[in-house]
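Worksheet: the structure to be examined is printed underneath.
The values are calculated or read from the model by the stated rules, or taken from the named source; none is laboratory data. In this text the structure is predicted, and so the values were computed from the model without any measurement. A quick note on method: Cβ atoms are made from the backbone with ideal geometry, for glycine too, and the neighbour counts reach across all protein chains shown.
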Amino acid sequence: MAPMKMALMQALEKILAMPKLNRTRTGLYPGTFDPITLGHLDIIQRAAKVVDQLVIGVAKNAGKGPLFDTKARVKMVEREVEALQRKGLRNIVVMPFENLLMHFAHTIGASVIIRGLRAASDFEYEIQMAAMNYRMNPKIETIFLTATEGTQFISSRFVKEIARLGGNVKPFVNSRIAAQLTERLKQESGRRKVNPEVRD
């Protein structure tokens, strides 16, 4: 069985193992999480309080050219979720996916898609996506959670740019994620020195 399918099956087993009362409303928070930031964690913690079960869907999203592969991103998110679970948020499951979002949502039985809004500039894109998703499956609603004041400016893209330029990213991601990001960029830099013809 392919690693992605195996991970999906394992996560589905976790869902089925949860008490029946926790299956009344499943929310899906999708993203690339390349890497997962404090902004993502803010949305995750708040979303977990408004649904019975929250599935964090880590998209393969090869078109975005992620810095970390899917397996690494799933592991990063799982470690962050484990910390939240120790604080009492035990209704969160992490699952990878590579198909259409609405197909994945249907597969896991989600009735709600959770999306975070950082600024007004996000709204136009997100409202279009929500309308398209509703047209594909009107049984699944989209809920928007606005970023809290301290996380409105955080994005994975900016975090990676800051890290590439040698800046401190610890105000934007947890320390273990910052360490992984530094190490991954060192590996990337080493490959470019060996293959100088490689361009962004």
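Somewhere in region 182-193, is a residue under 30 Å from Gln10 (Cβ atoms), of a type outside the set (Val, Ile, Thr) and under 17 Å from the mean Cα position of the chain (by Cα)?
no
Taking the conditions exactly as written (more than 28 Å from Ala2 (Cβ to Cβ) and basic (Lys, Arg)), does Arg79 satisfy them or not?
No.
One residue is enough: does region 126-147 have a residue meeting the conditions part of a loop (DSSP other than H, G, I, E, B) and within 20 Å of the chain's Cα centre (by Cα)?
Taking every residue of region 126-147 in turn, at least one turns out to be part of a loop (DSSP other than H, G, I, E, B) and within 20 Å of the chain's Cα centre (by Cα).
For the structure I just gave you, tell me whether Lys160 is at pLDDT 95 or above, under 17 Å from the mean Cα position of the chain (by Cα) and not hydrophobic (A, V, I, L, M, F, W, C).
yes
For region 24-77, which positions are among the aliphatic types (A, V, I, L, M), assigned to a loop (DSSP other than H, G, I, E, B) and closer than 18 Å to Glu126 by Cβ?
Val50
Regarding region 97-104, can at least one residue be identified that is within 19 Å of Ile177 (Cβ to Cβ) and in contact with a strand residue (DSSP E or B) (Cβ under 6 Å, 6 or more places away or on another chain)?
No, there is no match, as no residue in region 97-104 is within 19 Å of Ile177 (Cβ to Cβ) and in contact with a strand residue (DSSP E or B) (Cβ under 6 Å, 6 or more places away or on another chain).
Return the residue satisfying two criteria in turn: it lies in region 125-159 and is among the hydrophobic types (A, V, I, L, M, F, W, C) and touching a residue at least 60 places away in the same chain (Cβ under 8 Å), and of such residues it is surrounded by the fewest Cβ atoms within 10 Å (Cβ to Cβ).
Of everything passing the filter in region 125-159, Ile143 is surrounded by the fewest Cβ atoms within 10 Å (Cβ to Cβ).
Failed condition for Gly166, given (1) modelled with pLDDT under 95; (2) outside any loop (DSSP other than H, G, I, E, B); (3) exposed (fewer than 14 other Cβ atoms within 10 Å of the Cβ), with all others met?
With respect to (1) modelled with pLDDT under 95; (2) outside any loop (DSSP other than H, G, I, E, B); (3) exposed (fewer than 14 other Cβ atoms within 10 Å of the Cβ), Gly166 is out only on (2).
Being under 18 Å from the mean Cα position of the chain (by Cα) and either modelled with pLDDT under 95 or loosely packed, with under 15 Cβ neighbours inside 10 Å (or both): is that true of Arg176 here?
Considered against the rule, which asks whether it is under 18 Å from the mean Cα position of the chain (by Cα) and either modelled with pLDDT under 95 or loosely packed, with under 15 Cβ neighbours inside 10 Å (or both), Arg176 comes out as yes.
Within region 76-96, can one find any residue that is in contact with a Gly (Cβ under 8 Å, 6 or more places away or on another chain), in contact (Cβ under 8 Å) with a residue 40 or more places away in the chain, surrounded by 15 or more Cβ atoms within 10 Å (Cβ to Cβ) and under 28 Å from Lys139 (Cβ atoms)?
yes
Taking region 27-69 as the search range and keeping residues that are among the aromatic types (Phe, Trp, Tyr) and within 11 Å of the chain's Cα centre (by Cα), which one is nearest to Val94 (Cα to Cα)?
Tyr29
Output yes when any residue across region 89-103 is of a type in the set (Val, Ile, Thr), farther than 30 Å from Lys170 by Cα and not in a helix (DSSP H, G or I), and no when none is.
Checked against the condition, which is being of a type in the set (Val, Ile, Thr), farther than 30 Å from Lys170 by Cα and not in a helix (DSSP H, G or I), region 89-103 yields no hits at all.
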